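Where a number appears in this text, it was derived from the coordinates with a stated rule and is not lab data. Just so you know, these numbers come straight off a predicted model, no measurement behind them. Please note: Cβ atoms are built from the backbone with ideal geometry, for glycine as well, and neighbour counts cover all protein chains shown.
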Amino acid sequence: MWNFLKKDMTVLKRERTELMILILMPFILIAILGFALRGIWSEEGEALNMTIAIVPEDHEQEGNDMFQADIEQLELSEQEKAMIDSTASEIMPVTMFRDIFQSDELKGMIETVDMSEKEANEALRKDEIEAIITIPTDFTYQMLQKMFLGRGEGSELQLKVQEKESFYTRIVENIMESFTQSFNFQTAVAVVTQGSLNVDHSSSLETLGGTTTISTTDKPITAMQYYTIGMSVMFVLYAASTIASYAYVEKKQHVLNRIILSGKSPIMYISSKFISGISIVMLQLIILFTLSTVLFQTFEQLTLRFWLGIALISFILACAVGALSALLTSIAVRLDSDHINGLFAGGITTVFAFLGGSFFPTDQLPTFIGEIGEWTPNGAALSAYIQWMQGTGLSNLMPIFLKLVVMAGCLFICSLIIFPKRRRIA
Amino acid sequence: MISVLLLQLVRMKRSPILVLSFLVLTILFVGVMAGFGASSDETETIYVYSEIDATPWLELLNESDDFQFEVITKQEAQTQVKTGELNYALEIQNNNYQFLIGTEDPDQISVEQYVNRTFEKERKLRQISRVTGEESIREQIETELANPTLSISTEAVNSSNYSNADLSRYQILIGMTLYFAIYTIFYHLINIVVEKQTGTWNRLILSPIQKWQMYVGHLFYCFLIGFLQIGVVFFIFSFLGYDLGAQWGPVIVAIASYVFAIVSLGMLIMGVATTPQQLQAINPIVATGMAMLGGAFWPIEAVSNSFMVALSKGMPIMYGMEALKATMLYQQGFSAILEPVSILLLFGVISMGVGINLMERVKH
């Protein structure tokens, strides 16, 4: 047994390039995407960064003056005119609209630039900006007309974007809708109550919204953490096909036949693949987690207890992947073909990664996908890691551990059954 | 050249399992993820829990076209957020709401904006009816709001007839088809290395056949397999409720240039790695990395980071996606795919040149 293991390790050590790729490539990928994610979700919760062009075709003051001139010509009492005049001159819709982008919430996320229509269209085409907001001619004038005199259709803010349903479009639309809604609401209230009621009493209400977390540390899992774990549990799966691929070479070079001739039990051979799998996965996970903690401070909790828990989850995951290596070895030897490893590395791993939530949580997919995903080694481990990081006790993770151990056991037994009997190894 | 190609085809006929299994896998996967048949105009589901009777709030929230709010129990919400099945859940309180967050999620921003707006309006309405004590005031305000002073019009440069849910289905179909094709192509390219190892390659070199003919024979075979896989998947899905546009010309050109670029990339990798086992380890990692960075798994438009955007411009799959989306989704013709197609061809020629050079150098 020990000799087999030593042989496997020596073979792997000889193939240094491949080992490096297996361990370092995922890290490079995590690093690249991690840097990118930092930009998207930075520490201050600034979830995005975008530029919007504003095309100001309206002149607020002129619009106001024009409206005042209109009022002068109406047949109203001087008192009414004076009242409309004074109220209307306070309404600066363009300034109000621009101010929302200067608020504390939006300031860090959205930058606004004034452009001419031509410049803006050019910039949108070149992807330099994410959206154009046009404040059309007579915007203020038409709005005042509608507000005070009920004339006309009111005014319209024009939004121009690349694609209608994109992530950015939704954000900008939402911001604009919030503005128009509260603007229209105030206007409606003013009209209905003839200005006798000021709606801006919101200060008397408790503040709206807020967030809580489940974690005992009171911090949600950051995107970087989720991503690091999601990718790690996915990339360890490649270890299984790599090990089985080497087993196939041993079969082809008659190493396996010689081993069988020497009277050693196939169980020994399979077990050595199982343990090699565990070792590689552990090595991968240790390097991935250590590097991302040291370089990116992915995991901030540095207590011994935290890391012991991580190590335990990693070990159990490693067992499941080790058993997968054993199974793939058996199939490759039995079918005398490397195809199964190609299929596993290419297709099945990706499917597992999606089902198990390595790329994104499964909540937007049909429920049964999430349920299947819990039965993939990576999905189960991901869930265990996330719960542990949020401060769940180990005893609550028992069902997941049990699942992974049962999975490992079944896979290992399958591999023993599938492994060809003595005389059938041609 | 033809005989090398025929040899490969005979080999495939003998063991068609791999080619077929990738094909079946792609179809099943796209089918499960994106659904067979026409979309039921899916909306994003947000899970809500509450300790009070939240029905009035839910009715208001569900007036949205984009979101669907569904009630689960508090315990379910907590467990699902804790296990990472849900990134967040919404708690409705008496006159307020709160998000229970497990993992940060950029999509939550627009949900929160929407919920905030709905709550703010309703709270103000309630407050006004309370202050004024008039029952009818609510209706008066609603009537007034139905005829708003200020409105928004949205115009898109690239307009399509597709909804958000549709776009993501097409994203999955195109992205996954291109992604799985990489494996098929890379896997068959390994044959060259295997032939070199087993000595077939050397024996063939001794025959009157030219070396370029051998390369072309192999590469054309890989090209054919990749092209057919993509073509068959699209063809099948065009009968399963996906409208893939009627312009077959640009679609075929786009697929062909993408497959060419991937075959060349495979040659470049083989110039670096020399044994089939090394390739087995490198290929999936390269393919997955490229797919992630190039936007095959999620739309590249969702990425704002300039570093990521710059990286994605180096990924052939990005141009493949761009060209196919332009033709299939936006019904644009040759002029729209000219740029991505020429970049793919340039990429292909360069990596093919470098790859073959490296391989030949290793030999001597």
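³J(HN,Hα) across the range A:90-107 via Karplus (A = 6.51, B = -1.76, C = 1.60, θ = phi - 60°), whole Hz, x for Gly/Pro?
Calculated HN-Hα couplings, in order: 7, 8, 10, x, 5, 4, 4, 5, 5, 4, 4, 7, 9, 5, 4, 5, 9, 4 Hz.
Go through A:S279, A:V294, A:N257 and say which Cα lies farthest out towards the positive end of the charge dipole of the range A:241-325; charges sit on Cβ, +1 for Lys and Arg, -1 for Asp and Glu.
The residue sitting most towards the positive pole is A:N257.
Can you order the peptides B:267-279, A:145-157 by their average number of other Cβ atoms within 10 Å per residue, highest first?
Per-residue Cβ counts within 10 Å, averaged per peptide and sorted highest first, yield B:267-279, A:145-157.
Report, in deg cm²/dmol and to the nearest 500, the calculated mean residue ellipticity at 222 nm for the protein assembly as shown, where each DSSP H run with n ≥ 4 adds -39500 (n - 2.57) and the sum is divided by the residue count.
When only DSSP H runs of four or more count, the value is -22000 deg cm²/dmol.
Using a Cα-Cα cut-off of under 22 Å, which lysines could be cross-linked to B:K13, ignoring same-chain neighbours fewer than 8 residues away?
Result set, ordered by chain and number: B:K196.
What aspartates and glutamates could a cross-link reach from A:K7, if we take a straight Cα to Cα line under 13 Å and drop same-chain neighbours fewer than 8 places away?
Output for A:K7: A:E15, A:E250.
What does the charge count near A:V192 come to, summing +1 for each Lys or Arg and -1 for each Asp or Glu among other residues with Cβ under 14 Å from its Cβ? Intermediate values should be presented prior to the final figure.
Values: positive: B:K124, B:R138; negative: B:E134, B:E135, B:E139, B:E142, B:E144.
Here the count lands on -3.
Apply the Karplus curve 6.51 cos²θ - 1.76 cosθ + 1.60, θ = phi - 60°, to the phi angles in the range B:260-268 and return the couplings in whole Hz, x for Gly and Pro.
Residue by residue, the range B:260-268 yields 4, 4, 6, 4, 5, 4, x, 5, 4 Hz.
With each pseudo-label sitting 7 Å past Cα toward Cβ, what's the A:W375-A:K252 distance in nm, one decimal?
Using points 7 Å along Cα→Cβ, the separation is 3.4 nm.
Within the range A:364-396, what residues put their amide N at less than 18 Å from the label point 7 Å along the Cα-to-Cβ vector of B:Q75?
Backbone N within reach: A:393, A:396.
When the Karplus curve 6.51 cos²θ - 1.76 cosθ + 1.60 is applied with θ = phi - 60°, which whole-Hz ³J(HN,Hα) does each residue of the range A:315-327 get, with x for Gly and Pro?
So the J values, rounded to whole Hz, are 5, 5, 4, 4, 4, 4, 5, x, 5, 4, 4, 4, 4.
If you keep only loop residues by DSSP, which trypsin sites (Lys or Arg not before Pro) in the range B:68-136 have at most 11 other Cβ atoms within 10 Å of their Cβ?
Taking the range B:68-136 and a limit of 11 other Cβ atoms within 10 Å, no loop trypsin sites (Lys or Arg not before Pro) are found.
Based on the Cβ-Cβ distance of A:W307 and A:V11, what FRET efficiency does E = 1/(1 + (r/R0)^6) give at R0 = 35 Å, to the nearest 0.05?
0.70
Angle, helix B:276-294 long axis vs. longest principal axis of chain B, Cα atoms, 0 to 90°, nearest 10?
The helix B:276-294 is inclined about 40 degrees to chain B.
Would you tell me the mean number of C-beta atoms belonging to other protein chains that fall within 10 Å of each C-beta in A:176-187, as a whole number?
Details: counts 4, 5, 6, 3, 5, 7, 4, 3, 10, 9, 2, 5.
Taking the mean over all residues of the peptide, I get 5.
What's the angle, to the nearest 10 degrees (0 to 90), between helix B:316-328's Cα axis and the longest principal axis of chain B?
60 degrees
Give or take rounding to whole Å, what are the principal axis extents of the alpha carbon atoms in chain A, in descending order?
Here the Cα extents, ordered largest to smallest, are 114, 46, 38 Å.
Placing +1 on the Cβ of each Lys and Arg and -1 on the Cβ of each Asp and Glu in chain B, which of B:L173, B:N87, B:L311 has its Cα farthest towards the positive end of the resulting dipole?
B:L311
Can you put A:L237, B:L90 in order of Cβ neighbours within 10 angstrom, beginning with the fewest? All intermediate terms of the calculation are to be shown ahead of the outcome.
Values: A:L237 28, B:L90 23.
Ascending number of Cβ neighbours within 10 Å: B:L90, A:L237.
With a ≥ b ≥ c the root eigenvalues of the C-alpha gyration tensor of the range B:184-308, is it rounded (a/c under 1.5), prolate (a/b larger than b/c) or oblate?
Judged from the Cα gyration tensor, the range B:184-308 comes out oblate (a/c at least 1.5, b/c at or above a/b).
May I ask you to list the lysines whose Cα is less than 23 Å away from that of A:K126, ignoring any residue fewer than eight positions away on the same chain?
Output for A:K126: A:K118, A:K160, A:K164, B:K313, B:K325.
Taking H as built 1.01 Å from N, whose amide H comes closer than 5 Å to the amide H of B:Y88, not counting residues under 5 places away?
Sorted by chain and number, the residues that satisfy this are B:G102.
I want the local charge near A:F101. Using Cβ-Cβ distances under 12 Å, sum +1 for each Lys or Arg and -1 for each Asp or Glu among the other residues. Show your work: numbers first, answer last.
Working: positive: A:R98, A:K107; negative: A:D99, A:D104, A:E105, A:E111, A:D114.
Within the 12 Å Cβ shell, the charges total -3.
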